[in-house]
Every structure is written in C-alpha cells, then in structure tokens.
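First up is the structure itself, then whatever we jot down about it.
FYI, it's all coordinate maths here, none of it is from the lab. If you're wondering where the values come from, they're calculated on a predicted model, not measured in any experiment. Using ideal geometry, Cβ is built from the backbone for each residue, glycine included, and neighbour counts are taken over all protein chains shown.
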Amino acid sequence: MNAFPFSLRRSACLFTCLGFAATAGRLSAADSETDPFQAYSSYIKVSGQSAAITGNDAAYATRRQTSPDGSAGIEDLHLSRDLDPNTALTIDGRALFGDGDYLAKVNLTRNEVGSVEVGYKRFRTFYDGIGGFFPHNSYWQPLAQEELHTDRGNLWAEVKIARPNAPVFQLRFSDERRTGEKDSTIWGDTDFTGVPIWNKSALNPYSSNRKLVPSYIELNERLRTYLASVSHTIGKTSFVISIVRAETDNTDTRWINRYPGEVKPYPAIPTSASSPNILIAPEQANNAIYGFDEQSVESYSTTVSGEFETRLTDRLSVFGGVRHQTISADLGTDRELTTDIMTATGKVSAVGAFSVGTSGSPSRPPYSFTSRDGHATEKILSANCGVRVEPVKALFVTLALKGEDSSSEARMQADYINTKVVLGTGAVSNVPVFTNNTSETNETAWTPEIDVRYSGIKNLSLYANFDYRHVSGDETAYNGAVTTSGSGTAGTVIAGAPITAEDNTGENHGHYKIGANWNACSALTLRSELFYRDHRNSFADIASTDAYIVGYRYRGWKVSGILRPLPGLTFTTRYVQQVGEADVRADQTDATHYAGVGYYDSMDSRNHLIGETIDWAPTKQLYFQANLNVVFATLRTAYPSAGGAANAVLRNADNNYWNASFVSGFAVGPSTNLELQAAFYRADNYQSSMVVSVPYGAEAKESSVAVAVKHAFTDRLRGTLKVGYFDRQNVTTGGFTNFRGPMAYLSLEHAL
Amino acid sequence: MSACNSDLRMKILRRPQFSNVWLFGAVLAWSVLFLACTSVTRTVVAPTTIAGATYVGSAECATCHSETVDGFKHATHANLSIAGAQGVDPSCESCHGAGSKHVQAGGGRGVFIVNPGKEPETCFQCHLDKRGEFNLPHAHPVIAGKVSCTDCHNPHKGRAIDNSAAALGNENQTCTKCHTAQAGPYVFKHNAMVEGCTSCHNPHGSVNQKMLVARDANLCLRCHLEHPATLKNTATGQPGFVGDGKIVVGGEDHRTRLQNGTCWVSGCHEAVHGSNSSKPLRY
C-alpha cells in the first residue's frame, strides 16, 4: 500500500517547479542589501541552554563542556562608549550561571595618556570519573556519576602609561586560581575482575588483578604575578625592560584507592605445593590500601629581562636580549596510605602498615611519609643576539644565537611512616625510617638559528629554518630508599641502599624545515613543507662506562592545496605525514640474554592525516561547508618483535580516527537565517580480546545534528533558537559513558 | 539489541510510504529554499567571512595597527607571504577578513572584523587538522570557547611556538603558565619534561585521556624500551630479532607488570612529571 497518493507527489513536484521558476525570475533582480546580523558595536546577549540527557550526565558535561543541568545568563556583554573625544570606556561581561563562566572587565583608555584595566574571569572545565582499563570479561569499577570540574579564575589589574614620544610604562598584577576536582589516570587495582584466582601461582596463567579503580585529584593552585615594564624607542633603537615576580602556592591531593573491599584472611590461605587447589574469592586476594598523596609547592621566581632591536638601515637591524631568572621553592609531601590487615585478633588499619608472621619476610609497606626541609632553587641566565638583514630585495634572513646557563639544587627529607603488624597477635608498633633526597644539575646550552624567507619570485614564497640546540652539563642525585629486612616476627623495615647518580649529561636537538607557498593561478594555491627533527639525550656515568642515551628522529611533510574552481566554491586540502623512530642505548644487566651495552630500537611511528574542507556558496543566500579529517596513526614499540609471552601483553598504540562536520546557512527571509549543523566522530582501534593484559586502542562513535534559526526582530534586537540531538557510544569505557538526547539553546542579543 | 533496532529502523525506512516522506521532505526543503531566494537578496556567509567587504591591504591596517603589522614581518605566518597577491596570502585580512567595512566604520573592536581569538574557525581555514583534533573527545576546550588558539600561539610576532634562538622564552612555558604544578621544581625531574610537554601530550587533542599520545605502555616504552631487536641473538649469534618474550626496561623484564595496566598506574610510577622522593618516579 502506498500511503502517499500519487496526486500529492505530483503536487510536490509542481510546487518545486514553481519554486524554481520563481527563483529564476528573482535571482537576477537582486538589489542592494543590508545585513541584519552585522556586529553591534555595543551589545548584551543573554542566553540559556538545556539538555535532556539519557545516559552518563558527567560524560555529557565533559564532552560538551557545559552543565547537563543547563545554564543561563549573560553570554556576552560589550559596551563601548566615548566619554570624550579622547577617552574611551569599554566594559565586557559574562555571567553564565550553571556553567560557572564569568567575566567582568573594565577598560578606560585615554589617547596619548594610557589606560587602566581591571577584570575578573572565571571558567569551568568539566571532567567525568573515567579511569582504568577493561579486563577481558568486560568488568568495570563503578564510575563517579557526579560531574567533576575545576574552576580557573583570574583577577587582574593593569595600568599603562603611554605618552607621546615618551617611555611606555606598564604595571600589571594578576591572581590566578585553579580549584576543583578532576579524574586521574593513576588508577588503583582490584581483583574483582572475574579472572579466577587460585592459591597456587602455577595455576594462575596470568595476573588476576587490573588497575581499573578510578582515581581523583583535588586541585588547589594559585599563581600571583607582578609585572613592571618599560618600553621606548630612542633613535633607531627600541627596547623593553621588564621585571616579573611570580608566586605559586599549589597543594594538589590525589586520592589513592587500591584493592577496595579486599582483605586477606587470617590464618592465610595455604599456598604450598602440597595444599589442595583452592579458588580464592576476590575479596580475600589482597589487602585494601587507601589514602592520599598531597604535593605542595610554594615557589617564588623573579625574572629580569631586557631586549632591544636597532634598525641600522631599512634592510639591516640587530637585536638581542638578556634574561635572568631565579626560582626558590619550598616543597612538601604528605603521603599517607592506610593498609587493612586481618590478624588473629581482628582487622588492623594503620598508615604504612606491613605484616610479619611467624616466618618468612615481612610484607612491603605502601610508602607513606611526610616531608621536612623540602627546598629547591634554580637559576637561569639566558642571552641572545642576532641580525635581521635583507641582502637583496625580498630576501629576509635572520641569524640568531642564544645561550643559556642554568643550575639547580633541590632536597627533601622524608620521614617514612611504617606500622608493623604482627599477624599472630594483632600487635602494632611504629617503625620510622628517615631518608635523604638531593639533586643538583648544571647545564649550558647554545642554540644557533638561521631563518630565511624569499618572496622575490612572482606568486612564490620560499622559506627555510634551521636551529640546533646543544646542551652539556652534569647532574648528581641521591635517593634514599626503604626496604624490608629480617624474617618472622623480627622482620622490619629499614633504610635501604640509596639510588645514586653522577652523570655527564648532553642534549643535541636539531630542527630543520623548508617550505614553499605558490599561487599557481588565481584559482589554485599550493603550500608544502618538509621537516626533520633529530634529538639525542645522553646520561653518562662519570665513574664508569654506564650510559643511558635516547634518541629520536621525526621526518615528514605537509602539503596544502586551495582550489577555487568556481566563484563561491573552494576546496582546501591538507595532508600531513610524519614518520618517527627512536632508539635507546643502555646498560643491559640481563647478561644471560643480551650481554653488554647495546642499541635498541624502541619506537617506530607512522602518522598520516588527510583533511578536506569544501566551502560552497551556490547563491548569495546559501552556503555549505563540509569538513573531513581522516587520521591513520600507529606507534610501535616492543610488539610484535618481543615475541613469545610478551606479545600476549602488548599491542601497538593505534590512534586512527575520522571526524567530519557539516554546516549550512541559508537566508529564509529578509531578517531570518536558518543554519544546519552536523558532526560525526569515529575511532575504531579497540582490541578487547587481550585475555592476558589490558585492552588497547579506542573505539567510539559520536554524532550530533542541530538546527538553528536566527532572526533579527529589529535593527537592535536579534535572537537565535537552536535545537539539536547528540548520540555518543564509547566502547572503550564499556558503554558506561554513553549518552544521548536533545538539547536546546536560546539567545537574545540587544544593541546598547 | 541495538542491531535488532537498527534492522527494524531500516525496514521501516525502506517502506514505500517512508520513501515518499523522504521525497516530500526533500521537495519541501528545496521549495522553501528557492522560494526564499526569490524574496531575499542579501548575502549569507560562512563564519569568519565579512559580507560585502573587500580587501584593502596590510598597509591600510598599519595606519592604526603599525606595531602589529611591523612585528608580523618576522612571524612564522610571514613565511607564506607572497608579494602582490593581496587577498590570498596570509596578510592581516587572510585571518581577520576583508577590511573595507572595518576601515569605513573607523575601526573598533568586532566592527566588521574577525577576531580569531574568539573564533577558532579562522585558524581552521588553513589548519584543517587542528579542527579535527580539537573536536576529539580529549582536547583543550577551544571549540567550547573557554580557551583560544591565541592563548598559546602569537600569530603576530616571532615563532608560533616560542622556542627559537630569536626569543628568550621556551616551549614549555607555553604550557606551564597555566599548568603551574607541572613546572615543578622537583628534586628528581622526569627528563621528558625537559624534552617538552608535547613528548607525551598532544595539546590540540587526542583520542586518549589527558590528550596522551598513547594511552598505554607504548607511551613510555618509546624512550625506555631496552628491547634487543638489533642485538645479537645469543642462541644463534646472528643479529636481529630475538623474540624472547621480554619487555625490558631498566634492565628488568616488565612483561608481567604490564598485565595489570600501564606504567603510571597506582603502585608503579605515579609521579610522571617529577618526584621529590623517588628517582624512579615511583611516587
């Protein structure tokens, strides 16, 4: 049955034909135009948005960077007024409640006198509770469904005095804060993975636990900056001198949660070869460890710099500068991890707890400590000089040399908190251990650079840039260690052999690129660039032949083409290829397999990116823009060359994806525009079949569509209504971060 | 379940009456489009284009913005300048839009001028790849308008990335001016931080959490793998592939440890940016 009668279809066709005919008659009659959507010089825009999300709200907030509960308020306020012919007042504002997005800025500028500006800006970044990997049986720890966010705020004030033919003075103060909570990738472990756990290791072909317990970081960071500068031009020389004082006060706390809900039973499950096979319940596989790691830094840096440029002739100028920076920082750590241990008298929970039995070695404590006397200083002296010259017309050459001398010293003493727990009695006792940690580095770096540009050939520009950074220096380090000692109830924790280093260090970084831009004709522009990077970092022990050297090289090319075959039609194409390889030279202690020091191929990467944008305006009233990005990216390290059991653990890091977007705008009336938007994203490299290990790659599908209507009610009032729909499926997170649903956005903008 | 739904949807959409709905919708859309064309004569343009404006040249811009125009001569973007090719070379108007209306209006912020600091589409016109990256699930919120390209890059002066000999700054300062905690200082720094934040993070966007170049152990193994691919096989004495099933780092086989997760998970090497108490960056 055809529910759509032929007569109606015929009517639709007739309707279309009439439309075509009418259009043909009017297109040639286009006359002078006014744009009802031209920008106002002063305006206020109020808006609100809301979504009805099915699925994970926090994931929606993270992906769209807006609150799933909606937001409303002043999206943009801009007021510009001339108080008198020489004085302008500018006020900018924003207050989007729900999104935590605020701005208030006032600027008063007087010609040939200067300006005063004060402002406050704050915006919110949303995070979900994603953490961990998926084991092969698709188990996942519960995610934090509530949205996490951090707020960045900046309060600033600035005064600039700019009198004619006089030095320009600038004073600026800013107070930036970052507070809130976000997810961390320092995931905790669990045995609740569905992987069977036997009491004999021989029966466990692979590890039962996986690091997939979400973790969170609480941020409390502050940066206050005081800047004073003066710039001036005397004769042919312009210069700027500045002094910057920066003070940071950061305390970031990471919450650690390992083996939640687990504790080993007492007496212990027998594990000897003669014991019967016992399947261990996951809640009895390990001991829970939980707590926090708080890192604090209070640093004070002072930077004094001066730069100049002297234009000797129209074609020759010299420039240079000096900068000296000192940093002094107080460092602090408070890391307190509590371990649950089951004893003969019940469960004991203590910070830094380790257990001892009647025989055998003690268990390892979870590294809990508080710091004292943490301090670091750094001094960096940088200077550069160079010449900019145009030896022949349209050939621009810049030669520059930069030198840097830096040194640093840092120390922190750690008081390890260890609590000895005797399994048989439940007795606990403190076993404090003190360690020292110090480091010192000295480096000298030289960076010559040459930059050449030639645009003397019609419709062609050529350029090249080469720089090479060579660093030589030395470093010493002393890292006190903690280890276990003894056996049975006499077992304890003591200071272990420290990790020490006394190395000569070196770096060689070369960056090279050449490129061209060619207007082949009015309809075609081509650009291409070849690049090559060669880096090598080395650490050679002063007292022996031990060394660790890592080097990598990247090479590739970028090519872009802009084709305009017709007026109103443009194809923009970009292709980027990058190939990389890295190698490591290190001392190999596993002499059984690889004697001596050798070179190891550690990385091989391939990246191809293809981007295309098509802009088409078939008529004045209509435009289309389509964008497509396709990326093939793979990064290989040990797989598959490691072979054997290693190939069951590791896969290459494939990061292929494609995304596309489409936008079209259309004038549907003298004061009304219609806009269509669509976007797609897909990644498809997920390898969930890693039985032995964690999965690799990512797989997700996202799509969105939206329709917007913009209407100018009057010359001073316009509005926008937008409705859309999102759909996201993220296989990488086991579907726990999927969401879909409609959204709506409404705004009104009024000229002031 | 979803596959069943999908099949069902396709069956429904393939029914004749729904084909007619599509036909009618398309006809209606085209009819509205062409009827509107008959009644509207004004120009609608894609974002970052200024309707009705024409190019005036950078010299005209210099009358009010001399300092900016002067500095641009040594900017990275100046590499693409082509003499006499006004309108297609990356002079002021290539990014800010044709300037005739802005000049006629006597200037002013946002008056017939594109502000790339507010509209990243301006940059995406040439940097198509960055549009794709900023639209990935893990990216700096440029698309959301919370940060902009110009927060990290100065298109008007010097290198787009501040690491040249002609400038006193360095690349990492671009990141640490906001991410101050990662700047340290540390008693034991991770040398990758010296190499640059971009060693591990793609600041424009990634398919991986935290904009990581890789979300797995490959990220670290790039610089820490001591794999004997080019060593002699002690069994045969021949150079090349050994394939002994080990993933050696720091002289120790990490194969079984990688079964649990990645290198930086809890209990392993947590202090990825640097540590004050553990040289192996354990905590």
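Measuring against 22 Å, Cα to Cα, the residue pairs A:K701/B:K210; A:K160/B:K101; A:K45/A:K121 contain A:K160/B:K101 as the ones spanning a longer distance. Taking R0 as 51 Å, what FRET efficiency do you get between A:K236 and A:T476 from their Cβ-Cβ distance, rounded to the nearest 0.05? With a Förster radius of 51 Å, E is 0.60.
Answer rounded, prolate or oblate for the stretch A:435-496, using the Cα gyration tensor with square roots of eigenvalues a ≥ b ≥ c: rounded when a/c is under 1.5, else prolate when a/b is larger than b/c, else oblate. Because a/c hits 1.5 or more and a/b exceeds b/c, the stretch A:435-496 counts as prolate. Footprinting exposure proxy ranking of A:S461, A:S272, fewest other C-beta atoms within 10 angstrom first, gives A:S272, A:S461.
Taking a Cβ cut-off of under 11 Å around A:A95, the surrounding Lys, Arg, Asp and Glu residues balance to a net charge of -2, with basic ones at +1 and acidic ones at -1. Fewest-first ordering of B:R215, A:R315 by other beta carbons within 10 Å of each residue's beta carbon gives A:R315, B:R215. For B:E270, the amide hydrogen comes within under 5 Å of the amide hydrogens of B:Y283, counting only partners 5 or more places away or on other chains and with H modelled in the peptide plane. Across the options A:F466, A:S703, B:H96, the greatest Cα extent toward the positive end of the charge dipole of the protein assembly as shown (unit charges at beta carbon of Lys, Arg, Asp, Glu) belongs to A:S703. Ordering B:H138, B:H65 by the number of other Cβ atoms within 10 Å of each residue's own Cβ, fewest first, gives B:H65, B:H138. Excluding same-chain neighbours fewer than eight residues apart, the lysines reachable from A:K513 by a Cα-Cα span under 26 Å are A:K393, A:K402, A:K458, A:K558, B:K73, B:K130, B:K157. Note on A:A490/A:Y468: beta-carbon distance plugged into 1/(1 + (r/R0)^6) with R0 of 51 Å gives a FRET efficiency of 0.30. Placing +1 on the Cβ of every Lys and Arg and -1 on the Cβ of every Asp and Glu, with nothing else charged, gives the stretch A:354-401 a dipole about its Cα centre of roughly 60 debye.
Need one word for the stretch B:61-174: rounded, prolate or oblate. Basis is the Cα gyration tensor (sqrt eigenvalues a ≥ b ≥ c); a/c below 1.5 gives rounded, then a/b vs b/c decides. It comes out oblate by the Cα gyration axes.
Estimated purely from DSSP H runs of n ≥ 4, each contributing -39500 (n - 2.57), the mean residue ellipticity at 222 nm for chain A is -1500 deg cm²/dmol once divided by its residues.
For the charge dipole of the protein assembly as shown, defined by +1 on Lys and Arg C-beta atoms and -1 on Asp and Glu C-beta atoms about the Cα centroid, which residue among A:A582, B:A59, A:A617 has the Cα displaced farthest towards the positive pole? Value: A:A617. Among the GluC sites (Glu not before Pro) found in the stretch A:249-334, not one is both in a DSSP coil and sparsely packed, with 16 or fewer other Cβ atoms within 10 Å of its Cβ.
The trypsin sites (Lys or Arg not before Pro) of the stretch A:395-482 that meet both conditions, a loop assignment by DSSP and at most 11 other Cβ atoms within 10 Å of the site Cβ, are A:K458. A:T425 label point, 7 Å along Cα→Cβ, cut-off 14 Å on backbone N: hits in the stretch A:489-514? Of the residues in the stretch A:489-514, A:489-491 have backbone N under 14 Å from the label point off A:T425.
Maximal additional length on extending the A:L530-A:W156 stretch stands at 130.4 nm, based on 0.36 nm per residue less the C-alpha distance.
Working from label points 7 Å from Cα in the Cα-to-Cβ sense, the A:A751 to A:A626 distance is 3.8 nm. Using the Cα centre of the stretch A:364-449 as origin and beta-carbon charges of +1 (Lys, Arg) and -1 (Asp, Glu), tell me which of A:G426, A:P365, A:A445 is placed farthest towards the positive end of the dipole. Result: A:G426, furthest along the dipole toward the positive end. Subtracting the Cα-Cα distance of A:T87 and A:N107 from their residue separation scaled by 0.36 nm leaves 6.2 nm. Test of the criteria: in the stretch A:141-241, which trypsin sites (Lys or Arg not before Pro) are in a DSSP loop and have at most 13 other Cβ atoms within 10 angstrom of their Cβ? Qualifying residues, ordered by number: A:K236.
Relative to the Cα centre, the charge distribution of the stretch A:175-242, modelled as +1 at Lys and Arg Cβ and -1 at Asp and Glu Cβ, gives a dipole magnitude of about 260 debye.
Charging the Cβ of each Asp and Glu at -1 and of each Lys and Arg at +1, and nothing else, the dipole of chain A about its Cα centre rounds to 2340 debye. Note on the protein assembly as shown: semi-axes of the ellipsoid equivalent to its C-alpha gyration tensor, largest first and rounded to whole Å, are 52, 38, 29. Once the Cα-Cα distance is subtracted from the 0.36 nm per residue extended length, the A:W616 to A:V691 segment shows a gain of 22.0 nm.
Counting only lysines at least 8 places from A:K347 when in the same chain, those with an alpha carbon closer than 17 Å to its own are A:K264, A:K420. With contacts taken as Cα pairs under 8 Å and at least 6 residues apart, chain A reaches a relative contact order of 8 percent.
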